[in-house]
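**Student:** Below you will find the structure I want to go over with you.
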Amino acid sequence: MTELFLVTGKGGVGKSTTSAATALQQADSGKKVLLMSSDPAHNIGDLFQCSLSDTEKEVIPNLWALEMDATQRALTFMNSLNEAFKSIFKKGVGLDVDLFNDMIFPGLDEIFFCQTVLEEFDSGKWDVIIADTPPSGQALRALTTPDIVGAWLSRVVALKRKFEVMKGAIFKKKTDKEMENMVEKMRSDITRFKTIMTSNQSQIILVTIPEKLSIMETHRTVEYLKKLNLEVWGIIVNRIVPDFGEEWDSELSSVQLLHSQHQVHTESLKLAASILGNMNVRQVPMVAYEPVGINNLRLFSRLIWS
Ligand SMILES: Nc1ncnc2c1ncn2[C@@H]1O[C@H](COP(=O)(O)OP(=O)(O)OP(=O)(O)O)[C@@H](O)[C@H]1O
Ligand SMILES: [Mg+2]
């Protein structure tokens, strides 16, 4: 049975580092793992110091990675939709309109993200799939995609039905039939993606930092996801300045600056403890090394998961 982890959070908090380190830890434990990045500004390849593409590549034994190109897939889809609709106007009302030129329906990237994850999920090739997502807004949109895009997909289908009565209208030719099937498949994939996301086969990991505003936003995200029946499995509070005890007594301004940060983090962790209650909260310290490359990511994974 494949397990799916969706790693999400605000920009720059450590989502990709967490995803890569978790993928390594899972692969080292003997599971066959796929790490997928859906962030248009991919950096999974940089983290593993290798080049990646839209097609999965083995990074180390048991660990495969890919950087999906959802935007390109969305553009290709819009072009074919445009061609199909153009045919209505030519044949139906004598107009030649580029309806969807330079336009992408809201949530389209997210649909293709869901579909790519589903394809891998259904392939049966993986014990674990880890999806590293772009910053919060978009990632949350991916989770709420079924609701957002349901409306416009319905309109596309309604438009299709309306024009079906006209001779030579949309979806008549074989390619148009393919188009119709594609839209229908998108609808059913979205529904299934949501079902998988709400099942115990998938887990959401929220990454955040130890600052009050971030903790409060994380709390709001948890509550928001709850309303969608999506439970957050784990919260990672990353980049915590550790307690250096007596070393804080130094007069050095660099030490004092760090001490102030430590105090802010301590307060934020208290807030996290009070508002995130008994959730699975993992505290990860700020590290002195760059968590890049297999060895450093392995070290980092131990900080998260042991
Ligand atoms: N605990 C840590 N200690 C020190 N540096 C860290 C830690 N966690 C992450 N970093 C560094 O912080 C930077 C941002 O991390 P990362 O790229 O994983 O964030 P992200 O949430 O994926 O960002 P984006 O939203 O841009 O995708 C990277 O340079 C990473 O090496
Ligand atoms: Mg990232």
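**Student:** I'm a student and want to see the number: the projected area of the Cα convex hull of the range 17-70, averaged over all directions, in nm².
**Tutor:** So the mean shadow area of the Cα hull is 3.3 nm².
**Student:** Another one. Only counting other Cβ atoms within 10 Å, I'd like Y289, Y224 sorted with the fewest neighbours first.
**Tutor:** Ranking Y289, Y224 by Cβ neighbours within 10 Å, fewest first, gives Y289, Y224.
**Student:** Please report, in whole Å, how far the alpha carbons of the range 213-306 spread along each principal axis, starting with the longest.
**Tutor:** Reported extents, whole Å, longest axis first: 50, 33, 18.
**Student:** Further, regarding this structure: Please figure out what share of the DSSP beta bridges in the range 1-83 is antiparallel and state it in percent, rounded to the nearest 5.
**Tutor:** Percent antiparallel among DSSP bridges in the range 1-83 is about 40.
**Student:** For the range 270-306, which trypsin sites (Lys or Arg not before Pro) pass both filters: DSSP loop (anything but H, G, I, E, B) and at most 10 other C-beta atoms within 10 Å?
**Tutor:** Filter output for the range 270-306: empty list.
**Student:** Sticking with this structure for a sec: Go through K125/K212; K185/K212; K32/K212; K185/K226; K10/K32; K57/K226 and tell me which ones have a Cα-Cα distance over 31 Å in this structure.
**Tutor:** Beyond 31 Å: K125/K212; K185/K212; K32/K212; K57/K226.
**Student:** Could you tell me how far the Cα centroid of the range 245-269 sits from the Cα centroid of the range 41-67, in Å?
**Tutor:** Computed from Cα coordinates, the inter-centre distance equals 37 Å.
**Student:** Here's something else I'd like to know. Please give me the summed charge of the neighbours of K270: other residues whose Cβ is under 15 Å from its Cβ, Lys and Arg +1, Asp and Glu -1.
**Tutor:** Value of the local net charge: -2.
**Student:** Using a 10 Å cut-off around each Cβ, can you sort D132, D249, D39, D109 from fewest to most neighbouring Cβ atoms?
**Tutor:** Neighbour counts put them in this order, fewest first: D249, D39, D109, D132.
**Student:** Same structure, new question: Kindly state, to the nearest 0.05, the FRET efficiency for S253 paired with R220, given R0 = 25 Å and r defined as their beta-carbon distance.
**Tutor:** 0.10
**Student:** In angstroms, what radius of gyration and Dmax does the range 187-256 have, counting Cα atoms only?
**Tutor:** Cα-based Rg and Dmax for the range 187-256 come out at 18.9, 63 Å.
**Student:** Can you give the net charge of the other residues whose Cβ lies under 13 Å from the Cβ of N296, counting K and R as +1 and D and E as -1?
**Tutor:** Charge balance near N296 sits at 0.
**Student:** What does the charge count near S53 come to, summing +1 for each Lys or Arg and -1 for each Asp or Glu among other residues with Cβ under 12 Å from its Cβ?
**Tutor:** In short, -3.
Taken together, the values in this text are just the output of simple stated rules run on the coordinates, not laboratory data. Model, not experiment: these values are computed from the prediction. Because the Cβ atoms are built from the backbone with ideal geometry, glycine has one as well, and the counts that use them run over all protein chains shown.
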